[in-house]
């Protein structure tokens, strides 16, 4: 009887504070029970209305080889679909990282790329659809030695070995896409929690469309459940998937012609990305930071609405996480209800997406460093109105914030040069009221670094 009373008290103590989040729980559970018929394309970022972007779009979409649908490469350690070629990868964890290429339509698959651009500018609400996913096979460095192929992979040292054929084709296709676009950069999108495989492809496709399909985009679709009730399992899966992501990065560095590798990691995906980079840093603990960044070619790391333990992330910073890439940017929101709910599920452990009380000393350190920046949507949300009632999807639903995310991805501009402002007492950057007017100059900077018009797929 005492044991029963003790458990009742534990449940009451830990769940009594969850009452304010009951509506969020209900919505998440209802949504997770629905079958997705395709995500809506994110609202157009603020820079889409600029003359500079229109100039770049006309040049890019004039290419005769621009497809009506978007090709998004994928890597996934989920269990494969029952029907080969479909986007039906399950939510269950597999034992190796599978490589492939998906085709995603936006609106009508028969529209030309430029017609799609015109409809986006007109503000049409367009639905994306993952049409197919062509799998090449597994990345050899992630195959366990549980069968003959896994043993071959474990002992493989020659890139021409048959077990490495899927990876060779994956790298070849990525190189071809980079060559066609005129930009040798790869963007890895690490999806968030409660995301299906199709949704991971579709969200990556939306980002790829608004950067005018420059470079190659890879969606890292790690296995996640369908509701908040699977949060603990998802975090365990995330730790396992971090190794797959780490091996993917090393493979892309070694086997592709990419001059730079960027990453956007969303929600729980930010935890996976941070842990993978942390593992890499520990693996190269004896290597100087400058040499490490040169060898790995990691550029901009963007953590969007990061659902990661803040204290653990701070410990990673102390162990040299910032040595891994040119820049880190975290988009955080003090009204992010999803992150608040996650904090409750984590026994009150503060989350990176809303760290709460940060000491003045920490704030000063963050203000002084140029290697990591924190950006808030507060002013943009105040002026434009709330774009997401739960405050978690603002990074792509708010046109100002998504504009800054993509400009951070595409350029080396620091926050002040991207038009952001910061008060003397804060460590977080925000948006000025005249932000849209500043995007024209920002896009001109983007164009100045774009491939010239003589390069296939380049912008003038």
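Results, tabulated for the structure shown:
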{"item": "Number of positions in the stretch 146-181 that are within 18 Å of residue 244 (Cβ to Cβ) and surrounded by 15 or more Cβ atoms within 10 Å (Cβ to Cβ)", "result": "11"}
{"item": "Residue check for residue 202: closer than 26 Å to residue 260 by Cβ, in contact with a strand residue (DSSP E or B) (Cβ under 8 Å, 6 or more places away or on another chain), assigned by TED's automatic domain parsing to the domain that holds residue 221 and crowded, with 18+ Cβ neighbours inside 10 Å", "result": "yes"}
{"item": "Residue in the stretch 241-255 that is under 30 Å from residue 62 (Cβ atoms) and modelled with pLDDT of 95 or more present", "result": "yes"}
{"item": "Hits in the stretch 368-386 - residues which are surrounded by 21 or more Cβ atoms within 10 Å (Cβ to Cβ) and either touching a helix residue (DSSP H, G or I) at 6+ places or on another chain (Cβ under 6 Å) or not assigned by TED's automatic domain parsing to the domain that holds residue 337 (or both)", "result": "373, 377, 380"}
{"item": "Those residues of the stretch 284-316 which are touching a strand residue (DSSP E or B) at 6+ places or on another chain (Cβ under 8 Å) and over 20 Å from residue 266 (Cβ atoms), in sequence order", "result": "296, 297"}
{"item": "Counted residues, the stretch 399-421 - those being farther than 18 Å from residue 214 by Cβ, touching a residue at least 40 places away in the same chain (Cβ under 8 Å) and either touching a helix residue (DSSP H, G or I) at 6+ places or on another chain (Cβ under 7 Å) or in a loop (DSSP other than H, G, I, E, B) (or both)", "result": "5"}
{"item": "Residue identified as farther than 30 Å from residue 181 by Cβ and in the same structural domain as residue 66 (by TED's automatic domain parsing) among 247, 232, 300, 262", "result": "232"}
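The values are calculated or read from the model by the stated rules, or taken from the named source; none is laboratory data. On a predicted model such as this, the values are computed, not experimentally measured, just so you know. Note: ideal-geometry Cβ built from the backbone for every residue, glycine included; neighbour counts use all protein chains shown.
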